[in-house]
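Peer 1: Have a look at this one before I ask anything.
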Amino acid sequence: MTATDSRQATRADSPEPLRQPRVISFSHRLSRWDLKLSPYLYISPFFIMFAIVGLFPIAYTAVISFMDWDLVRNEGTFIGIDQYVWILTQPHFWTALRNTFSIFLLSSVPQLILATFIAAVLDRNIRAKTFWRMSVLVPFVVAPVAVGLIFNAIFADQSGLINTWLEGLGLTAIPWHVEPFWSHVAIATMVNYRWMGYNALILLAAMQAVNRDYYEAATVDGAGPIRQFFAITMPSLKPTLIFVIITSTIGGLQIFDEPRVFDQFGRGGAAQQWLTITLYLYDIGWGQWNFGRAAAMAWILFLLILGIGLINLLVTRGLVRDEGRRGAASRRQIRAQARAAQKQVKEAQR
Amino acid sequence: MNSRALRRTALIAAAATTTALVLAGCSNTGTTAEPDDEVDSDVSLTLATFNDFGYTDDLLAEFTAETGIEVVQNKAATSNDARANFFQKLGKSGLADVEAVEVDWFTEMMQYSDLVAPVPEDLKGRWLDWKEQAATDANGNLVAYGTDVGPQGICYRGDLFEAAGLPSDRAEVAELFPTWDAFFEVGADYVEKTGKPFIDSANSVLQGVVNQLDIAYEETDNSIVATENPDIRAAYDTVVDKAVPIAAYAGQWSEDWYASMAGGEFAAMLCPPWMHGIIAGEAPDVTGWDVADAFPEGGGNWGGSYLVVPANGKNVEAAQKLADWLTDPETQAKAFVNAGTFPSQIEAQESADVTGFTNPYFNDAPTGEIGINRANAIEVATYKGPKYFQFHDALQNAVTRVFDGLEDKETSWNNWVTEVSAF
């Protein structure tokens, strides 16, 4: 106490001479810089990389989307929003939008349900756990083009495995490459094959993090595995589920590889049965070399994903109950309590 | 107890997975490998081709022996890969010293003909007229070295023809197909008798018919006439009315189409010389294929390529020498023997290697001589403007829609008209 007091006193008398010397040694200055700048330097590689490979292309795309762009000569003329208008008036664009959502729903919904189921099974005490856990990831390692080749042989209209079986059973063959719905089913199957294990592992990791005491307590209370799953596991998975749903939404809306390899031309079918937005974007860009339009399309897709992502987030938040309030009051009850409290405050003010 | 061992296995598996992922990622981008012209750029040239041009290592070694210039060849898997790579780098850097360009995207390239080095004056006149004309730009410069052409003949299954009561002898079969009408009649007859498809695909017939028109979708000044051109409408009508009922598939190159070729489902195909190798390769167990020296209404060309020398390359002069040598009649004859790429040089077509060539797979048909006759029968070279590919692709889709029963003839045509008016 006295020490601090005296120091304050002396400082008040003659602040200048007793302060730290003005000429700071270089090493000292260096260490001060180190303190202030280093954190930024340490994280800078990411931001520099992001600026070069992330931000710049995005901005550049935005500029090009307002131009009639010649890739080879690297020049263009400014034409305003014509490219956006052109895209929004294309029937193909709307077909592509329909297909993208159809394939997205056909893949994401069953995929996430199955992935949660697989994760729940893997979470239980089974033999050779690691073997099963690793093996669900195997399809993810297969290159999408290889998946395409394999599934093409399975889904070929005449010579395909599935149709051969169907005909063998006396049923009619399914026109995989003719009917839009069936082509979407076939493509969604490829997507599910590839991503289900990946999502299952992420969900499994989240399940492993759930405190085992809850389950023990639940078992003691007499809750069966199904009741435990819905009352303990699902609520605990909320943050992970939101992550998985958002990533698979983004992936689903950007679906490209699978429809691209679904036939020999990779342009979405004769009547655009399985033309997706990215496939259309690719064709405009790399098939017709119209980069202005492709850039405008990319921005439309970006806005779409943003919108759908937000809706997704809101819906998921509402559907999956909050982790912290397990067993306590429901959302409605909390709101009711809050309203009651507010009323009281207002009455008190009066 | 042995959870440690398990964990270790898991670790190894995870590491392998990551490696595989990284490798898979690389292989995607690795297909369009950059030519490494760093290695002694004075005496080394790069050559970029796709599919099989017949330029074997032995052949390129001959050039090295003659000139002391090393040649490194990069082969793209498909012409589409080569196209994407070409236009990404044209006018910038990274192209090979000599680049192969396919006819389908050749007119697109011609829009940038100022970015490739012209062919020296003294080489003019070495190629077939129409081959050379297509490579001459608005300023009268010949800008590309013609490699092969695709003079179409008719490949047919002698055994199936015989079973259907048709002649199977090469010369007699050739007389069956003087016109498209005759062709479709024979086809309808065959289908009626056997209940099996006659020709492989409807769109290859469309290709054959369109390739006999003077202009298709664009006038020679590149103004668009696609939907008004009566010839196109007639071609569409013919194909939809007559080719669709006798065809096995809508288009070529599908999984089913390959399987069907191996299974010997159809009896005939329109075939340029480069198709011979594909048939022989895909259906090695099918016997009875033969080639008739005939094509409805004369001749028709399908496919073929050019070599171009990017003007901003490091060794333009040496590259021109290489392109000259590769398309020189003697080399072309060798390439034909190697890969069946039919030479576009007049002199090469007179070489004994070509005239005396027979193909054992096709019942020893004299495919060299047939090719020459078919090439001589070609009278028109369809003008293919910069948007030819888009128009034709959309029209093929229209035929496919009818074939699949998705739309009727008129609806499909009208949809095509709406679609292409947006181009």
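Every number here is computed from the coordinates shown, using simple stated rules; none is lab data. Please read these numbers as outputs of a predicted model, since none were measured by experiment. Ideal geometry is used to build each Cβ from the backbone, glycine not excepted, and the neighbour counts take in all protein chains shown.
Peer 1: Net charge within 10 Å of residue B:83 by Cβ-Cβ distance, Lys/Arg positive one each and Asp/Glu negative one each, not counting residue B:83 itself? The partial results should precede the final answer.
Peer 2: Working: positive: none; negative: B:81, B:102, B:104, B:108.
That sum, taken over residues with Cβ under 10 Å, equals -4.
Peer 1: While we're here: Report the Cα centroid-to-centroid distance between segment B:45-114 and segment A:73-97 in angstrom, as an integer.
Peer 2: Each part reduced to its Cα centre gives a spacing of 33 Å.
Peer 1: Please build a GNM for chain B, connecting alpha carbons under 10 Å apart, and tell me which residue among B:343, B:273, B:118 fluctuates the most.
Peer 2: B:118
Peer 1: What are the membrane-span-like helices in chain B by this rule: whole DSSP H runs, Cα extent along the axis at least 20 Å, mean Kyte-Doolittle hydropathy at least -0.5?
Peer 2: Helices meeting the criterion: B:3-30, B:180-194, B:388-403.
Peer 1: Would you work out the relative contact order for chain B, in percent, from Cα pairs under 8 angstrom that are 6 or more residues apart?
Peer 2: Relative contact order for chain B comes out at 23 percent.
Peer 1: Gap in Å between the Cα centre of segment B:215-230 and the Cα centre of segment B:352-423?
Peer 2: That distance is 17 Å.
Peer 1: For segment B:185-258, list log₁₀ I(q)/I(0) at each q in 0.24 Å⁻¹, using the Debye formula over Cα point scatterers of equal strength and ignoring solvent, two decimals each.
Peer 2: -1.03
Peer 1: Which of the lysines could a cross-linker bridge to residue B:89, judged by Cα under 19 Å and excluding same-chain residues fewer than eight apart?
Peer 2: Partners within reach: B:75, B:314.
Peer 1: Let me ask something else. For a quick check of your reading of the filter: which chymotrypsin sites (Phe, Trp or Tyr not before Pro) in segment B:236-318 sit in a DSSP loop and have no more than 15 other Cβ atoms within 10 Å?
Peer 2: Within segment B:236-318, the qualifying chymotrypsin sites (Phe, Trp or Tyr not before Pro) (loop, at most 15 other Cβ atoms within 10 Å) are B:253.
Peer 1: I would also like to ask the following. In whole angstrom, note down how far apart the Cα centers of segment A:158-220 and segment A:118-144 are.
Peer 2: Their Cα centres are 14 Å away from one another.
Peer 1: By the scheme Lys and Arg +1, Asp and Glu -1, what is the net charge of all other residues having a beta-carbon under 12 Å from that of residue B:264?
Peer 2: Numbers: positive: B:157, B:196; negative: B:159, B:200, B:265, B:282, B:285.
Net charge in that neighbourhood comes out at -3.
Peer 1: Please list the helices of chain A that count as membrane-span-like by this rule: a mean Kyte-Doolittle hydropathy of at least -0.5 together with Cα atoms stretching 20 Å or more along the helix axis, each helix being a complete DSSP H run.
Peer 2: Sorted by number, the helices that extend far enough and score high enough are A:26-50, A:91-123, A:180-208, A:238-253, A:291-319.
Peer 1: Gaussian network model of chain B, Cα springs within a sub-10 Å range: biggest mean-square fluctuation belongs to which of B:225, B:399, B:205?
Peer 2: Answer for the Gaussian network model of chain B: B:225.
Peer 1: Turning to a different aspect of this structure: How large is the helix-only mean residue ellipticity at 222 nm for chain A, computed as the sum of -39500 (n - 2.57) over DSSP H runs with n ≥ 4, divided by its residue count, in deg cm²/dmol to the nearest 500? Write down the numbers at each step before the final one.
Peer 2: Numbers: 18 runs with 238 residues, N = 350.
Computed ellipticity for chain A at 222 nm equals -21500 deg cm²/dmol.
Peer 1: Assuming a viscosity of 1.567 mPa s and a temperature of 4 °C, what translational diffusion coefficient in µm² per second does Stokes-Einstein assign to segment A:83-349, Rh being the Kirkwood radius over Cα pairs? Walk me through the intermediate numbers first.
Peer 2: Numbers: Rh = 21.4 Å.
This corresponds to a translational diffusion coefficient of 61 µm²/s.
Peer 1: Past the 19 Å Cα-Cα mark, which pairs from B:92/B:124; B:242/B:384; B:196/B:242; B:384/B:409?
Peer 2: Numbers: B:92/B:124 28 Å; B:242/B:384 25 Å; B:196/B:242 15 Å; B:384/B:409 25 Å.
Violating the 19 Å Cα-Cα cut-off are B:92/B:124; B:242/B:384; B:384/B:409.
Peer 1: Another question, then. Highest GNM mean-square fluctuation, chain A, Cα pairs closer than 10 Å: which of A:86, A:33, A:132?
Peer 2: A:33
Peer 1: Right, something else. Placing +1 on the Cβ of each Lys and Arg and -1 on the Cβ of each Asp and Glu in the protein assembly as shown, which of B:223, A:65, A:48 has its Cα farthest towards the positive end of the resulting dipole?
Peer 2: Projecting each Cα onto the dipole axis, the largest value belongs to A:48.
Peer 1: Here is a further query. Using 20 Å bins from zero, what percent of all Cα-Cα pairs in chain B falls into each bin?
Peer 2: 24, 52, 20, 3, 0
Peer 1: Just the Kirkwood number for the protein assembly as shown, please: inverse of mean 1/r across all distinct Cα pairs, in Å, one decimal.
Peer 2: 31.1 Å
Peer 1: With a ≥ b ≥ c taken as the square roots of the eigenvalues of the C-alpha gyration tensor of segment B:112-224, please select rounded if a/c is under 1.5 and otherwise prolate if a/b is larger than b/c or oblate if it is not? The partial results should precede the final answer.
Peer 2: Details: a/c = 3.73, a/b = 2.38, b/c = 1.57.
Because a/c hits 1.5 or more and a/b exceeds b/c, segment B:112-224 counts as prolate.
Peer 1: For the protein assembly as shown, give the share of DSSP beta bridges that are antiparallel, in percent and rounded to the nearest 5; count only bridges with both residues there. Show your work: numbers first, answer last.
Peer 2: Numbers: 28 of 41 bridges.
Taking every DSSP beta bridge with both residues in the protein assembly as shown, the antiparallel ones total about 70 percent.
Peer 1: Follow-up. Positive end of the dipole of segment A:83-349, charges at C-beta (+1 Lys, Arg; -1 Asp, Glu), about the Cα centre: which of A:195, A:146, A:286 has its Cα farthest in that direction?
Peer 2: In segment A:83-349, that residue is A:195.
Peer 1: Within a Cβ distance under 14 Å of residue B:219, other residues only, what is the Lys/Arg minus Asp/Glu net charge?
Peer 2: Once positives and negatives cancel, what remains is -3.
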